[in-house]
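Asker: Take a look at this one; I'll ask things after.
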Amino acid sequence: MRVAQLGSGTPELAVVAGVHGDEPCGVRAVERLLDERPTVERPVKLVVANEAALERRVRFVDEDLNRAFPGDPDAKTHEGQLAHRLVEELEDCLTFSMHSTQSHAEPFAIVNEISETATEICPQLPVAAMVETSNFAEGRLFSEIDTVEVECGLQGSETAAENADRLTRAFLTAVDALPGDTVSRDLPVFRLTDVIRKEQADTYEVFVDNFTEVEPGNPFAAADGETQVAEEPFYPVLMSPNGYQDVFGYAAEKVDVLQTQTAAD
Ligand SMILES: [Zn+2]
């Protein structure tokens, strides 16, 4: 784990990259901040989490770090120990953690609950949606630390790295660490309701777009040509043929649209 800081004093803000070692976009954003060293109005902790996995360009060494929280100093796995150290490092920080995916090119935010912090910050980020994952939060960073996660785009793409940079600056501006104003947008809010499992197969297909409602009776995925059909309407989230080992992704419901407040309000 690499830890650095912008500004002086004890940080109440943190930017975290590299929770997953095969998602380099956030690391680029952190490195750029370290190169440019912008003047900050509040100190910010910068963390590159799973360096061992990043070096090997794998998601994790022993287990998924974002399922290993709170961790344990005596854990038998690299990620189990790392999770514990990361919690100690981030304990008093509002944390911004960057990921990338195989499922969706457009950035979106992931939060543990639709809290005041989440509803204030997320509409100020250049994201298309906010996803609430409280039903599936076990072991994730934000089960321990007040965290806004963002999916920056497609894993390994140049666009994801550029998005990570824009998203980090928008976050740091929204929390008054960087000067200036953010642009607020109306933001649809989705809540994960179900895991969409997949059977062991040689080929997987997904027929639907994330964040676009699937109607009952419509086929949405297939494993070795065996089609899965929607029984009830749902919104696919983080759905991709090969992104995860045993699930296609998640089903979500649309719960809200956060409206931007205009100056006239
Ligand atoms: Zn990730």
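Asker: Hey, what's the Cα Rg ratio for the chain versus the globular rule of thumb, 2.2 N^0.38 Å?
Answerer: The reported ratio for this selection is 1.01.
Asker: Could you give each residue of the stretch 248-256 its phi-based ³J(HN,Hα) in whole Hz, using Karplus coefficients 6.51, -1.76, 1.60 with θ = phi - 60°, and x for Gly or Pro?
Answerer: Working through the residues one at a time gives 6, x, 10, 9, 9, 10, 8, 9, 5 Hz.
Asker: Of 93, 152, 111, which is farthest on the positive side of the dipole of the stretch 47-152, counting Cα position, with +1 on Lys and Arg Cβ, -1 on Asp and Glu Cβ, and the Cα centre as origin?
Answerer: In the stretch 47-152, that residue is 152.
Asker: Over the alpha-carbon set of the stretch 196-250, work out the extent along each principal axis and list the three values in angstrom, largest first.
Answerer: Dimensions of the stretch 196-250 along the principal axes of its Cα atoms: 27, 19, 14 Å.
Asker: 5 Å is the cut-off here: which amide hydrogens, built 1.01 Å from N in the peptide plane, fall below it relative to residue 252, excluding neighbours closer than 5 in sequence?
Answerer: Amide H neighbours of residue 252: 193, 235, 237.
Asker: OK, next. Rank 60, 29, 245 by how far each Cα sits towards the positive end of the charge dipole of the chain (+1 on Lys, Arg Cβ; -1 on Asp, Glu Cβ) and give me just the farthest.
Answerer: It is 29, whose Cα lies furthest towards the positive end.
Asker: Counting other Cβ atoms within 10 Å, which trypsin sites (Lys or Arg not before Pro) in the stretch 186-242 have at most 11 and lie in a DSSP loop?
Answerer: Passing sites in the stretch 186-242 do not exist.
Asker: Taking loop as defined by DSSP and a crowding limit of 15 other beta carbons within 10 Å, which chymotrypsin sites (Phe, Trp or Tyr not before Pro) in the stretch 182-227 fit?
Answerer: Sparse-neighbourhood loop chymotrypsin sites (Phe, Trp or Tyr not before Pro): 207.
Asker: Determine the dipole magnitude for the stretch 1-160: charges of +1 sit on the beta-carbon of Lys and Arg, -1 on that of Asp and Glu, nothing else is charged, the reference point is the Cα centre, and the result goes in debye to the nearest 20.
Answerer: Rounded to the nearest 20 debye, it is 480 debye.
Asker: Whole-Hz Karplus ³J(HN,Hα) for the stretch 182-195, in order, using 6.51 cos²θ - 1.76 cosθ + 1.60 and θ = phi - 60°, x for Gly and Pro?
Answerer: Whole-Hz 3J(HN,Hα) from phi for the stretch 182-195: 9, 9, 9, 9, 5, 10, x, 10, 10, 10, 5, 10, 8, 8.
Asker: What list do you get for 205, 23 if you sort them by fewest beta carbons within 10 Å?
Answerer: The order, fewest Cβ neighbours first, is 205, 23.
Asker: Sticking with this structure for a sec: Please list the three semi-axes, largest first and in whole Å, of the ellipsoid equivalent to the stretch 126-182, using sqrt of 5 times the eigenvalues of its alpha carbon gyration tensor.
Answerer: On the way: eigenvalues 96, 58, 19 Å².
Taking √(5λ) for each Cα gyration eigenvalue gives 22, 17, 10 Å.
Asker: Given H placed 1.01 Å from N in the peptide plane, which residues other than close sequence neighbours of residue 132 have an amide H under 5 Å from its amide H?
Answerer: So residue 132 has HN proximity to 111, 190, 191, 192.
Asker: Still on this structure, please answer the following. For 213, 36, 151, which order do you get if you count the other beta carbons within 10 Å of each Cβ and list the fewest first?
Answerer: Fewest to most other Cβ atoms nearby, the residues stand as 36, 213, 151.
Asker: Something else: When DSSP beta bridges are limited to those with both residues in the stretch 80-217, what percentage is antiparallel, rounded to the nearest 5?
Answerer: 25
Here, each number is a calculation from the coordinates, and none is a lab measurement. Here the structure is a predicted model, which means the values were calculated and not measured. Note that we place each Cβ from the backbone using ideal geometry, even for glycine, and neighbour counts take in every protein chain shown.
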